[in-house]
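No lab work stands behind these numbers, since they all come straight from the coordinates. Keep in mind that what you see is a predicted model, and the values were worked out from it rather than measured. Quick reminder, even Gly has a Cβ in these numbers, built from the backbone with ideal geometry, and neighbours come from all protein chains shown.
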């Protein structure tokens, strides 16, 4: 199989580019929001902007901090047709980098293996929807996995602070430094975030004030919390009970469960990839909104489960991820739901709507069990050496 990996990658990329070239209608709506909305930072109406105001479904607002608008503004200087291609090529490069970095952390840095899995990952649901919407998830994932795996504290910290300044959810990555007791990296992440925060204020005090003190935390503004595309714990719980649980008791209980499973995963392992994946799973589970395309982190999670897990639950969880994302479960549920706003639905659709959260929680359990199994297999002297061994990071 590895011998045909270069050809498979070439065919996959060519197939994707043909889809981009022959799209009948514009589907990269999120890229359009980034590109068309960002200049409004400088006209003072960034958060009043809506893409598709003529639609009766959900006109899309610009939902990121002001710094993100500054980052995206140069894209508005490029014609739409060119920007689509530029963005797609950037995202394809990021996908390859994510897979390559994952295999480096697994100590299986075989170029053909990287090509094979990049070719396959290109067609799973979170990656496909990221590409179809023109989303930023692959870019953020690539920056984070590359910088978090670095042994240089300033590199890791700046990576987290910078991405958190573009989209708030990467801020959860700072927990990785606290778990590893890399205090300097944690400080760097705070400094980097403070810097991009200050840049946003300098560029537009009025828009910064509106975002940070008036809009932040309003999940309903971001999109329909109850839609099947929201694969967070809050989304799954809301669909189960038939109304938005918001930050009430049910949501808090869900967060506590996710936190406990994350502690179980990270408390006995020094595997860098396992730690990174665990922290990202926690962020996806507890975020008010985790669209299905946010779950691109299941790519490194899947590779860890297959190549490093080593026990039955890892294989079962890997199979579940393949079934969910290769079978396009969320796309099926989106077509089945009456509209994007209703929470209540038949029980079997509500149950299927737990797909990604359940797989995320099982991933945490599998990581924790693998770490404990590995420690149990060590001799007493080996266990002491493992405790003192530095975590595996890239140079």
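I need the calculated FRET efficiency for the pair residue 108 and residue 377, taking r as the beta carbon distance and R₀ as 25 Å, to the nearest 0.05.
Calculated value: 0.75.
Calculate the spin-label point distance for residue 252 paired with residue 348, positioning each point 7 Å from the Cα along the beta-carbon direction, and give it in nanometres.
Between residue 348 and residue 252, the simple spin-label model gives 3.7 nm.
So what is the 222 nm mean residue ellipticity for the chain from helices alone, if each DSSP H run of at least 4 adds -39500 (n - 2.57) and you divide by all residues, rounding to the nearest 500 deg cm²/dmol?
-20000 deg cm²/dmol
Determine by what factor the alpha-carbon radius of gyration of the stretch 225-395 differs from 2.2 N^0.38 Å, reporting the quotient.
My calculation over the Cα atoms of the stretch 225-395 gives 1.12.
Angle check, please: helix 249-266 long axis (alpha carbons) against the longest principal axis of the chain (alpha carbons), in degrees 0 to 90, nearest 10.
Its long axis makes an angle of about 40 degrees.
Order these peptides, 302-309, 231-238, 10-17, by their mean beta-carbon neighbour count within 10 angstrom, highest first.
Most protected by this proxy first, the peptides run 231-238, 302-309, 10-17.
Can you give me the distance in nm between label points at residue 181 and residue 78, each placed 7 Å from the Cα along the Cα-to-Cβ direction?
For residue 181 paired with residue 78, the spin-label model returns 4.5 nm.
Report the FRET efficiency, 1/(1 + (r/R0)^6), for residue 154 and residue 123, where r is their Cβ-Cβ distance and R0 is 41 Å, rounded to 0.05.
0.65
Which whole-number percentage describes the relative contact order of the chain, with Cα contacts under 8 Å and a sequence gap of 6 or more?
18
Determine the shape class of the stretch 130-217: with a ≥ b ≥ c the square roots of the Cα gyration tensor eigenvalues, call it rounded for a/c under 1.5, and otherwise prolate if a/b is greater than b/c, oblate otherwise.
oblate
If I take every Cα pair under 8 Å that is 6 or more residues apart in the stretch 85-152, average their sequence separation and divide by the length, what percent do I get for the relative contact order?
The normalised contact order for the stretch 85-152 reaches 43 percent.
Per-residue counts of other Cβ atoms within 10 Å, averaged by peptide: what ranking do you get for 120-128, 64-72, highest first?
64-72, 120-128
Taking the 0 to 90 degree range and rounding to the nearest ten, how far is the long axis of helix 111-121 tilted relative to the main principal axis of the chain, both from C-alpha atoms?
Helix 111-121 and the main axis of the chain meet at about 50 degrees.
How tilted is helix 137-148 with respect to the longest principal axis of the chain? Cα atoms for both, answer in degrees (0 to 90, nearest 10).
In the chain, helix 137-148 runs at an angle near 40 degrees to the longest axis.
Below 8 Å between Cα atoms, with a sequence gap of 6+, how large is the relative contact order for the stretch 225-395 in percent?
Relative contact order comes out at 36 percent.
Along the Cα→Cβ direction, 7 angstrom out, place labels at residue 11 and residue 201. What is the inter-label distance in nm?
5.5
Work out, step by step, the length gained on full extension between residue 194 and residue 340: first 0.36 nm times the residue separation, then minus their alpha carbon distance; give nm to one decimal.
49.0 nm
Please compute the length gained on full extension between residue 243 and residue 263, using 0.36 nm multiplied by the number of residues separating them and subtracting their Cα-Cα distance.
Result: 4.3 nm gained on full extension.
Stokes-Einstein D for the chain at 25 °C, 0.890 mPa s, Kirkwood Rh over Cα pairs, in µm²/s?
113
Which log10 I(q)/I(0) values, to two decimals, does the stretch 99-155 give at q = 0.16, 0.18, 0.28 Å⁻¹ under the Debye formula with one point per Cα?
Listed by q, the Debye log ratios stand at -0.59, -0.72, -1.12.
Find the centroid of the Cα atoms in the stretch 104-143 and in the stretch 346-367, then give the distance between the two in whole Å.
Using only Cα atoms to place each centre, the spacing works out to 22 Å.
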